[in-house]
1. Just want to confirm a number: the relative contact order over segment 201-323, from Cα pairs under 8 angstrom separated by 6+ residues, in percent.
2. How many nm separate the modelled label positions at Asp145 and Ile160, each set 7 Å beyond the Cα in the direction of the Cβ?
3. Using alpha carbons only, what's the Rg to Rh ratio of segment 170-273 with Rh from Kirkwood?
4. Mind giving me the nanometre distance, one decimal, between the label points for Leu319 and Ala4, set 7 Å out from Cα along Cα→Cβ?
5. Could you list Asp42, Asp204 so that the one with the fewest beta carbons within 10 Å of its beta carbon is first and the one with the most is last?
6. What order do you get for Trp209, Trp216, Trp289, Trp14 when you list them from fewest to most C-beta neighbours inside 10 Å?
7. Could you point to the residue in Leu207, Ser255, Gly177 farthest towards the positive end of segment 86-322's charge dipole, with +1 and -1 charges on the Cβ of Lys/Arg and Asp/Glu respectively?
8. Of the listed peptides 277-284, 195-202, 4-11, what is their order by residue-averaged count of other C-beta atoms within 10 Å, with the highest listed first?
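Just so you know, all these numbers are worked out from the coordinates, no wet-lab data involved. Keep in mind it's a predicted model, so treat the numbers as computed, not measured. Cβ coordinates were reconstructed from backbone atoms using ideal geometry, including for glycine residues, and neighbour counts include every protein chain displayed.
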Amino acid sequence: MREASFVKRNKNKWLLFEDVLDNKEQISPDKLSDLYIEITDDLSYAKTFYAQSNTVVYLNSIASKAHQKIYKTKKENKNRLVKFFKTEFPLEFVNYHKQLLIAFITFLFFAIVGAYSAANDGDFVRLILGDNYVNMTLENIASGDPMAVYKKMGEGNMFIMITLNNIKVAMTAFVFGMLFSVGTLYIMMQNGIMLGSFLYFFYDKDLLWESSRTIWIHGTIEISVIIIAGCAGLVLGNGLLFPKTYSRLTSFKHSFKAGLKIMVSTIPFFIVAGFLEGFVTRQTQMPDWLAIFIILTSFIIVVYYYIIYPIKLTNQQKLNGNN
């Protein structure tokens, strides 16, 4: 790469870094560390290909200045966790809405495929959900309690088991991103087909409304954060696929850290989803309005925190920066 092209590609990042060092721009200590790593990578690249150039001198000067500032600001404050969820994570997650959209579209597409396949193949539901589950559910339908599966286990045990299982599925979706994102898309496909065939099974029994008002009490958050975990996996995979000017290892480290932050953000939501499934979903006698209220509230919270709030906070930061 020519030096002029190298400078043009990275100029905005360097200027942002200078603004941070001069206190003209405020970012988190972790983000500052990430920028510092990128700057030192750029410096190493410049030393290799443009030795003795003004670019090397410039990058060396800001890297030296940054070293002191990082170790001065690295001290964690008492409200670190609150700050992470309130500002640090949303400001970073706004950059990954594209990956979130891809994960969502993939999941939705294969949910439709699952429903379509179940509608055209009588054995497909058994293939996906298993004979034991289908037979048990048919027995529950015959006995007049289609959703009895959510009452088979004690509340506490079910809460713990479901929460751990959901986190396991989400971590699989994330870690499989190391297979250049293909592994994550496979997990989205697998879970999408399962959901689609599950919903069609109850639709075919004229129980779509009864099943939906029950399963979406916990499923709204559960399915949403599995898709968000898929987003984390795609962020991880993209770091390997598109390293840009960095080495593949350095890019992987950055993307792994970013994906891990996304996973940390989902933990409270998985706990809530597990609580709802363990303690609330089993209350099949609750009035429709209450079930709808829980479902809509869950949906609004997830959409607001992961989509609306990051955009709103980013725009607010830009407005404050311009002022």
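1. Normalised by residue count, the contact order of segment 201-323 is 35 percent.
2. Distance between the two pseudo-spin positions: 2.4 nm.
3. Working: Rg = 16.4 Å, Rh = 14.7 Å.
Reported Rg/Rh, Kirkwood definition of Rh: 1.12.
4. Inter-label distance under the simple model: 4.1 nm.
5. Working: Asp42 24, Asp204 13.
Fewest-to-most Cβ neighbours within 10 Å comes out as Asp204, Asp42.
6. Trp289, Trp209, Trp14, Trp216
7. Ser255
8. By packing density, highest mean first, the sequence is 195-202, 277-284, 4-11.
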